[in-house]
Amino acid sequence: MATPASEDNVNVRVAVRARPLNSRERTLGCSECVSMEGKITKIWDENGKEKLFPFDHSYWYDTSQKQVYEELARPIVTAAIDGFNGVIFAYGQTGSGKTHTMQGSGDDIGIVPMLNREIFDLLAAKTEADGGESLVTASYLEIYNEVIRDLLNPSDKQLKIREHPKLGIYVEHLAELVVENAEGIAKLLDQGNAVKQVAATQMNERSSRSHCCFIVTIKQRKVEEIENGDEKITRETTLNASINLVDLAGSERAAKTGAAGSRLKEGAAINLSLSTLGQVINMLAEGGKGHIPYRNSKLTRVLQQALGGNARTVMVAAISPADNNYGETLSTLQYASRASKIQNKTVRNEDVSQRMIRELREEVERLRAQMAELERNRVADPSSLLAAGDLSPRAADAEDEQMREMREKIAMLEETKKRQWDEVQKLSAAFEEERDKTLKNENVVRDIMQNVKDEKVALMKRLRELDTEKAGLSKALKQTKAEYNETKSALEKDMAEYQATMATPEAERDEARIQELFAAIEENRDRLIAQRTDIKDMKERLRCNQEEQLEQKAELEAQTRILEEDAELRKAIQDEEKAKLREEFSESAHVMSEIANIEASYQRKLNAARTRDAEMRERIWEFEAQVVDLESDNSVLRAELSRLRAELDSVQSARKRDAERAKAREDALVKQLVQAFELDRGRLVLALEQVTKDCVHLASLHGRT
């Protein structure tokens, strides 16, 4: 009889792993603000204030990949072989070592490769010991900007998340490919990473801007023939489990990354998903009261089983020990600390039909035992049974009919299970066929790439020319701004001297100097206007340069999409991109024309303003004189304020000295009182001693008498 499904309430296990300081952090002169002792992780801020966090494991950067795997992942694998779901997910800011822990690098392999290898080793050992057979499938998905993509069968199709009352959360139409060994899983993993890496090359390091989940599903069945009296019964035991290996996107802050445009949109999507994940973790850590917002993000929907559901979950919090990452590291530790309070309800996965078969077989066994008991009683005393009405021929026939129906249900369910097993293999074969077609298209892609290679080279050359032009414009703009600032300083200096001269009595004014200053002010003002116009022109040229660069880059992006799409679709996208660019260019030309009209209108208004400038100068000079008077009054007030502050400081110092003298007098008085007390006390002691002696003497005299 099949082993009944078992349940177990277990907390999410949390491990923190620190990486060493990288070359950039060492160049910046960063120091470590994290230390670990046993299971405790300690972090301190720039003022030395410490915070302690206890975890299931705290790994310093000298911990080997093997130790991390054996302590974190191996229990997940062995439990999966026994029918329990498992999840391992890595969380932390970009560059903290999440992918190194999960994937590894070079010969220093991580959790995923070691786990894949051990799955097949354990299955082979179990098959050799107990018989039976197993089926392992793999899936690989990516969540990017809240869109789920299949990395093993890439297409433009946006996959949807569904929920089955028995199977739980799953991704509809996600490719599930049968694998025969660890090398097969490694191959699929590399192919999925290659799809992601192509996107990363062309789309702003997309590999670190998306959440990835590699799913290994383990199906096991064991068929046995059991003798039951004169007949043989076929019993099939089935165990199913899945292991989700999740590499989350970096949790860095937008302000620190300086993200803009599409990167800012990516960051917003990441922050939304990680923020929702934080809300889910917080609510589950507090006991799961109220509505848990799993549906607010694709990430939390995929991880629903891992957080408070049917899975044994391990969270690896990757951190940087550098003090310039203190904020992100502290946030990660707080995140992980809350996650450790989440409790999952794990169930040994028994197929629905398997459970029904077990229950039916138990009922058959019960009826069989009941009938055997009745048969023995009938043989021993048939008259008593008939008299008591315990069994009639009609009742016995009904029992036999019920047993036959149950056997038929068992056979039907066994066949259903077999078909389900075969269906998985058929679906896997269909996905493989579709993938083969996709891979064959790579040859077509290469041919098309050759056709557009020259055009891409020309575009890249033009981009380099634009970069050179941009550098020259930036340099000229910087120089013109410096000259502008010099002219402005000279103008301000002349204006200050002019104001000072005008502030003197009219009889003492140097009219020649006034005229000279007036001419210099006019000249510098005209020069400022000209330089401002030059700066504006250079900025406009830089803007046009940047727009052209964006257009050229958009052209390149449209061409590079041939890596993902067939020739017709790629051509349509390229034409669409060109049309968009032409439309943008047309709009840009219209905008440039509008700018020219605005500049002409501005120039006319400027000329008119200059004619009124002479009339306004006298008023300006009057206002400037008033400003000088106000500034003079302000100087007087500031001097008075300084005097009052000095007087306040003097009073405070005097009070302090008086307090110190009073304390000194008080201390001296206390000392005198203590000395007087000690003197009086000595006198009293001497007097007491004399009185004692007198009493003794009197007592002796009284005795003689």
- Counted residues, segment 310-339 - those being surrounded by fewer than 20 Cβ atoms within 10 Å (Cβ to Cβ) and among the small types (Gly, Ala, Ser): 3
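Condition test on LEU330, is it in a helix (DSSP H, G or I), assigned by the TED database to the domain that holds THR41, in contact (Cβ under 8 Å) with a residue 24 or more places away in the chain and among the hydrophobic types (A, V, I, L, M, F, W, C)?
yes
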- Item | Hey, SER58 buried (at least 20 other Cβ atoms within 10 Å of the Cβ) and not in a strand (DSSP E or B) or not | no
- Query: Taking VAL696, is it part of a helix (DSSP H, G or I), over 56 Å from the mean Cα position of the chain (by Cα), more than 28 Å from ALA500 (Cβ to Cβ) and modelled with pLDDT of 80 or more?
  - Reply: yes
- Query: Somewhere in segment 169-179, is a residue hydrophobic (A, V, I, L, M, F, W, C) and surrounded by fewer than 20 Cβ atoms within 10 Å (Cβ to Cβ)?
  - Reply: yes
- Determine which member of the set GLU146, GLU172, GLU118, GLU128 is among the acidic types (Asp, Glu), under 30 Å from SER340 (Cβ atoms) and at pLDDT below 90. GLU146
- Which members of segment 148-171 meet the condition of being among the aliphatic types (A, V, I, L, M) and touching a residue at least 60 places away in the same chain (Cβ under 8 Å)? ILE148, LEU151, LEU152, ILE161, ILE169, VAL171
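The values are calculated or read from the model by the stated rules, or taken from the named source; none is laboratory data. Source: prediction; values computed, not measured. Cβ: placed from backbone, ideal geometry, glycine included. Neighbour counts: every protein chain shown.
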